[in-house]
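Heads up, the thing below is written out as structure tokens.
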Amino acid sequence: MPTVPDSCSSKRSSVLVVVACVLVQLLLGGHVSLLGAVPNFLLCAVFFLALRKGAFAGVIAGFALGLLFDMLGSSTLGLSSLLGSIFAFACAHLGKQALLREPLRACVVFFAADVVYNLISAAVMVLLGTMGATMGEVVGLALLASVLDSLFALLVFAIYAGLSGGRRSRLRR
Amino acid sequence: MTKLPSLGADARGGKAAFRALVVCTCLSALLMTVYSQEGPNGPVHTLRAGVQWAVSPLQNLGSSLAKPFDTLHTNLVNASADEETLTELRDRNAYLLSQLGELQQYKEENESLRAMLGLASSFGASGVAAQVITGPQDTWTQTIVINRGSNDGVGLDMPVTDGASLVGQVCAVSPTTATVRLINDPMFSMSVSVGESGAAGILSGSVDSTVRVDYVSSDDAVSVGDVVRASGRSDVYPKGLAVGTVASVVSEPSSLFQDIVVKPLTQAANASEVFVITAYGAQADAASTDQDPDGGQSAGDAQ
């Protein structure tokens, strides 16, 4: 049975995850909310790419997908692209590719990174004067948004781990 | 020996990533600066409007896909409501039961549009009816996207209603879509008058979607249930347009102003149809004389 080269399969899985996240964001991003918190499905793709393809690809994806997220919303343009790049750079240096094979652990790391991302995002918006909020409101909403993001990320990581696990066992055989 | 080249490659990769990060950071900072400094018709704003126009077909599709889930969400919210809300819902249910034969979806839409036309005629307003294609896109802002844009006469800063009360204000426009900043958005503010006393204040939204009226003097008589309306001090909102009712008032002796929380008359983020007021009063009269009565965007054309 012919097998797909690893680099080719890696590229394909990365493209698939990015396309899936972008589509879900465009189709459902504006319709899902939990007590006022709205998910950012694109962060899952940035995290995945940062771990799967390394810091360089992650930073570029963080910038591009962050810019797309900015374009879809109405907050200051450039904020999500800035934070997305930093988020990817940090994740690539703190996490390892092998983490993606353990969906639950990957999800916990993603949740922690996502909370920090959301808190910094809110802090910058307060500093820019585009939003006024108390610490309690910000933390509450940041946690809720991260829960939504992480649930989606868990699904993506589980599918990826299932598929890559199946492929590895085929290769071994 | 074998590790050295790998370390070198890692270091090179790390340097490339760091360089990419610096470039992306600078580009983002530049974008933020240009976005903040340019006007609403600047190139970056225009680019955003273009992207929103380009993705609107997908968002339309998403709106259709999400409709059954939105209904499910509403049912879940109703199921977990408190006693006060349940009483309100029972009253509403009794009212709806009395109109049992008229509960089909097309009929509701028709009634909603008629309400918008009623509102339009009461303020001598003209405008366009629009469907909401997507709700708030991020946690920190409350905006919706509607399926009408500059091609339909929608422009920046125009007020948007749901037929009975103010929903928000247009903050970005593309040829076929417009973004509406809702009244509970942290960046939203407008001049209002409260209750029969007409106490003046500034209504604004917040991150947790609470709507407040600030700067109402402690001497002014304000009580729970008073209607909050547009004051008409600016040309943006028709004078008297309802926004919400006073949900709570706290007046402390040591404070110059009262702390007023407003309950919006409508859950703007859940609205499916809205009405954009393109002109009202003298503006609407001027517009109707400029346009062909049959071809203009008067209240009668909104359907």
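Net charge near B:N41, counting Lys/Arg +1 and Asp/Glu -1 over other residues with Cβ under 15 Å of its Cβ?
Net charge around B:N41: -1.
Which far-off residues, 5 or more places away or on another chain, put their amide H under 5 Å from the one on B:L241, with H placed in the peptide plane?
B:A230
Fewest first, what order do A:S14, B:S197, B:S223 take by the number of other Cβ atoms within 10 Å? If you can, show how the numbers build up before the last one.
Working: A:S14 18, B:S197 14, B:S223 11.
By the 10 Å Cβ count, ascending, the order reads B:S223, B:S197, A:S14.
Alpha carbon centre of the range B:118-196 versus the range B:29-54: separation in Å?
The two parts, judged by their Cα centres, are 20 Å apart.
With a cut-off of 18 Å, note down the residues of the range B:251-273 whose backbone N falls inside the zone around a label point 7 Å from the Cα of B:S218 toward its beta carbon.
Zone members listed by number: B:251-261.
Quickly work out the B:F18-to-B:V34 label distance, labels modelled 7 Å from Cα along the C-beta direction, and quote it in nm with one decimal.
With each label point 7 Å from Cα toward Cβ, the separation is 2.8 nm.
Please go through the residue pairs B:K239/B:K263; A:K11/A:K96; A:K11/B:K67 and name each one whose alpha carbons sit more than 23 Å apart in this structure. The partial results should precede the final answer.
On the way: B:K239/B:K263 19 Å; A:K11/A:K96 17 Å; A:K11/B:K67 35 Å.
With Cα atoms farther than 23 Å apart: A:K11/B:K67.
Give, as ranges by residue number, the residues of the range B:201-239 whose backbone N falls under 17 Å from the point 7 Å along Cα→Cβ of A:V139.
The answer is B:208.
Taking Rh as the Kirkwood radius, which is the inverse of the mean 1/r over Cα pairs, what is the Rg/Rh value for the range A:37-173?
1.02
When the chain is fully extended, how far beyond the present Cα-Cα distance does B:F257 get from B:E88, taking 0.36 nm per residue of separation?
57.7 nm
Going 7 Å from the Cα of B:I202 in the Cα-to-Cβ direction, what parts of the range A:108-140 have a backbone nitrogen less than 18 Å from that spot?
The answer is A:126-134, whose backbone nitrogens lie closer than 18 Å to the label point.
Only the coordinates and a few stated rules stand behind these numbers; no lab work does. Just so it is clear, the model here is predicted, and its values are computed rather than measured. Here the Cβ is made from the backbone with ideal geometry for all residues, glycine too, and neighbour counts use every protein chain on show.
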